Amino acid sequence: MALVDQERSALPVPYAMELEFPDRVRKERYFDPDFYQMEVELLWPRVWQMACRLEEIPAPRDFVEYEFLDQSIVMLRTDDMGVRALQNACRHRGVRVVKGRGTCESGFTCPFHGWCYGLDGKNTAVPRRRGFSEHNLEPEDINLVPVRCEVWGGCAWINLDDDAPPLRQCIEPFATVLDAWTVESLRTEWWYACRLPVNWKLAEEAFVEMYHVVQTHPQLAIPGMRFSLRDGEAFDPRAFIDAEIRYLRAMSDGMAGMVHANDVRVAEGLRDMELPADPTLAISTWNRALNDAVMSWHRAAGADMPDLNDLDARGINLSFLSCFPHSFVLPMYSSAASYRFRPLGPEETLMEIWSLTRFPEGQEPGKPTPPEVWECDDPRWPPIPAQDFSNLPRQQKGLHAKGFEYMRLNEQLEGHISNFERTVDGFLAGLPYEQLLPALQKINVYPFDKPILDVGF
Ligand code: FES
Ligand SMILES: [Fe+2]
């Protein structure tokens, strides 16, 4: 029996996916203030969040503020090159001790009355100390409150929940696949941010299926490419190579670097290679040759570069990975794009995009320039995100139509949206981690063309 036809137990969550069918998503999940408030209280404080990229704090005592919802966390590079996270609220009268980013000498001083905190967050000075009673200056009670922090994949991650399992357990198999891609050696080439007038889940769900590609990104539907070859169609190796290179260039121009211009040039260098007449053999010959050429080019330049044919052989040459609830990495050949989504309100989202690439050892760029936040219709957006952004505000508005009740999902192509929304429900229902982990591990990887899965609740 198909999963959509099974009777399901309802979780005590308003507009829960299970109340009707797992292939229908009630519209209220994307704007109802009470539903949003449940996410604020029950989801975000229990999940691992990517708080900063490590190149934002490359040297000891560099710090950056990570804000989400009404919270602010100080991410501080320690002298032993670890990362410490502290709640950004002075224990005197609550002022945010740091703002933005910078480098400190020996700690932080609150700008209001001058309480001081060391690099470990411990209080080191209280001016006019004698005026406070003992019970307000208990030593353990006047330090900046520590936050759980772990480092993985070139990023520092935080979790407000002391009972959550360790980072790695919560983000598998995303972490294992991206370790094989050596994502920790990627560095920021550029970093942009967008304010989207839509719910954070709606924003993410625009990037987790390929169903929209033909209509939204017509420049990526290139005849003759490996994905569009049909049985019995005459195969022309020259036309195939031409289509492949056109696709790589469309991805490179469209995302300003997801397929890096260097890799497109490497592919151009293979344009005249001979391919077998058999299409299956030709495609695998081309893939192997391009993987090898890209790898050799970057290794010769002195960059840390994974063996792409080895990734193929292991079945993990995946070009789009998502990690619950808000991080994406899209590796292609030497480089990658990466996204992060943060809710700013029930119908407002901050989306960031990084273009990441590899640099010869010792030639990595310095701290990346933090993005100015652009509106989603800003003409500076590269063509592919601009196309995605053009739909989103229209969709958020359309959801409010009186006659529209729920989204109807394609069970085979848009299953990830259901799996993701039902995992959200698991958090909102307050399920224990034993139940949430198997769901997370099902959805934390390649989201495209995923059918609706049984997430276990
Ligand atoms: S609020 Fe920080 S010193 Fe008073
Ligand atoms: Fe898209």
Item to check | Within region 343-457, strands (runs of 3 or more DSSP E) holding 3 or more residues that are assigned by TED's automatic domain parsing to the domain that holds TRP190 and in contact (Cβ under 8 Å) with a residue 40 or more places away in the chain | outcome: 348-357, 373-375
Next on the checklist: Can you pull out every residue in region 404-449 that is touching a Ser or Thr at 6+ places or on another chain (Cβ under 9 Å), under 30 Å from ASP163 (Cβ atoms) and not small (Gly, Ala, Ser)?
Outcome noted: HIS416, PHE420, LEU436, LEU440, LYS442, ILE443, ASN444, VAL445, TYR446, PRO447
Item to check | In region 52-93, the residues that are of a type in the set (Val, Ile, Thr) and assigned to a strand (DSSP E or B) | outcome: VAL64, ILE73, VAL74, VAL83
Checklist entry - Are there any helices (runs of 4 or more DSSP H) wholly within region 142-253 with 1 or more residues that are among the polar types (S, T, N, Q), and if so which? => result 167-171, 174-180, 213-216
Checklist outcome for this item: In region 107-130, anything outside any loop (DSSP other than H, G, I, E, B), surrounded by 14 or more Cβ atoms within 10 Å (Cβ to Cβ) and of a type outside the set (A, V, I, L, M, F, W, C) is listed as GLY107, THR109, TYR117, GLY118, ASN123, THR124
Next on the checklist: Out of everything in region 180-221 that is among the aromatic types (Phe, Trp, Tyr) and over 15 Å from the mean Cα position of the chain (by Cα), what residue ends up being nearest to ligand 2 (Cβ to nearest atom)?
Outcome noted: TYR211
Checklist entry - If you go through region 191-212 one residue at a time, do you hit one that is over 30 Å from ASP32 (Cα atoms) and out of contact with any strand residue (DSSP E or B) (no Cβ under 9 Å at 6 or more places or on another chain)? => result no
Checklist entry - Somewhere in region 258-274, is a residue in contact with a strand residue (DSSP E or B) (Cβ under 7 Å, 6 or more places away or on another chain) and either within 16 Å of ligand 2 (Cβ to nearest atom) or at pLDDT below 90 (or both)? => result yes
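The values are calculated or read from the model by the stated rules, or taken from the named source; none is laboratory data. Keep in mind the model is a prediction, meaning the values are calculated, not measured. For neighbour counting, all protein chains shown are included, and Cβ atoms are generated from backbone atoms with ideal geometry for every residue, glycine included.
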